1. Can you give the extra length, in nm with one decimal, that the chain gains between ASN178 and ILE86 once fully stretched, where that is 0.36 nm per residue apart less the Cα-Cα distance?
2. Fewest to most neighbouring Cβ within 10 Å: what's the order for LEU18, LEU39?
3. Stokes-Einstein diffusion coefficient for the range 86-165 at 10 °C in a medium of 1.306 mPa s, Rh from the Kirkwood formula over Cα pairs: what value in µm²/s?
4. Hey, in the GNM for the chain with a 10 angstrom Cα cutoff, which one of ASN67, ASN42, ASN219 fluctuates hardest?
5. Suppose R0 equals 35 Å; then what is the FRET efficiency for GLU200 and TYR68 from their Cβ-Cβ distance, rounded to the nearest 0.05?
6. Would you order ARG49, ARG81 from fewest to most other beta-carbon atoms within 10 Å of each residue's own beta-carbon?
7. Can you compute log10 of I(q)/I(0) for the range 105-219 with the Debye formula, treating each Cα as one identical point scatterer, at q = 0.13, 0.19 Å⁻¹?
8. Which order results if ASP76, ASP133 are arranged by neighbouring Cβ count within 10 Å, fewest first?
Amino acid sequence: MELFLNTFYFLGDVPNDLVGFTFFIGTMAMMAASVFFFLSLNAVDAKWRNSILVSGLITFIAAVHYNYMRDVDPGDTTFFRYVDWILTVPLMCVEFYLILKVAGATKSMMWKLILWSTVMLVTGFFGEFNGGDALGLGPAVWGLLSGIAYFIIAYMVWFGEAKKLAVSAGGAVEKAHNTLAWFVLVGWAIYPLGYMLGTEGWYSGLNDIVSLDMNVVYNIGDAVNKIGFGLVVYNLAVSK
Ligand SMILES: *C/C=C(C)/C=C/C=C(C)/C=C/C1=C(C)CCCC1(C)C
């Protein structure tokens, strides 16, 4: 079996290299999803075209980063990972705005989501970069700060401004919003788990229970969230 899989040289040493394998599958999945979303552009009503375009951009940006990270030492992916996220997560915030525009969503709501997602990612980066040494705070404190920003985003989407707009829109828009809200609550929670597996802190005992490389967890999170988000939007765009 090992010999068989390794025949596909591009997969690398598959059985012993889960990280490389998930980067490879991740690249393919992101590419396929991008093609799908871009080709769907003309099949949807004009008012959803920007939403589908953004779905495709999110997976396309990830595909480019994944294709690159495939060849990077798993210990050195942090920088590219966060460059990817700082581009794609704000685009997910744009996605909420585009969907809720029919109910009168304002740019100010969009910018608030983008602001908090930037805070979430910048603090997370400080927690991972150089062992979380920045300002001498350590990964646990940076992770907590990041978690607070994450909580604010989840609150806005579940109970705040965004939720109220979704309720007033009703119908397919509200349903799509609610599904996206679940992605934020459950899908996005995959990331702090990866963070705890890959950084040092009070939670380091977790490594004895779950022995996964942080990259594997982040790669699973990205596949679920980037492709999943896009499909929810696609589903809304083709619903009548
Ligand atoms: C496509 C990429 C996405 C949806 C990335 C999302 C990333 C997060 C929700 C990251 C969250 C983090 C925390 C809540 C605490 C620890 C540090 C982070 C940045 C991993």
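Coordinate-derived values only; no laboratory data. Computed from a predicted structure; not experimentally measured. Cβ: placed from backbone, ideal geometry, glycine included. Neighbour counts: every protein chain shown.
1. Using 0.36 nm per residue and subtracting the Cα-Cα distance, I get 30.7 nm.
2. Listing LEU18, LEU39 from fewest to most nearby Cβ atoms yields LEU39, LEU18.
3. My calculation gives 121 µm²/s for D.
4. Sorting by GNM fluctuation, first place goes to ASN42.
5. Given R0 = 35 Å and the Cβ-Cβ separation, E is 0.85.
6. Lowest to highest Cβ neighbour count: ARG49, ARG81.
7. With no solvent term, the Cα-only Debye profile gives -0.57, -0.98.
8. ASP76, ASP133
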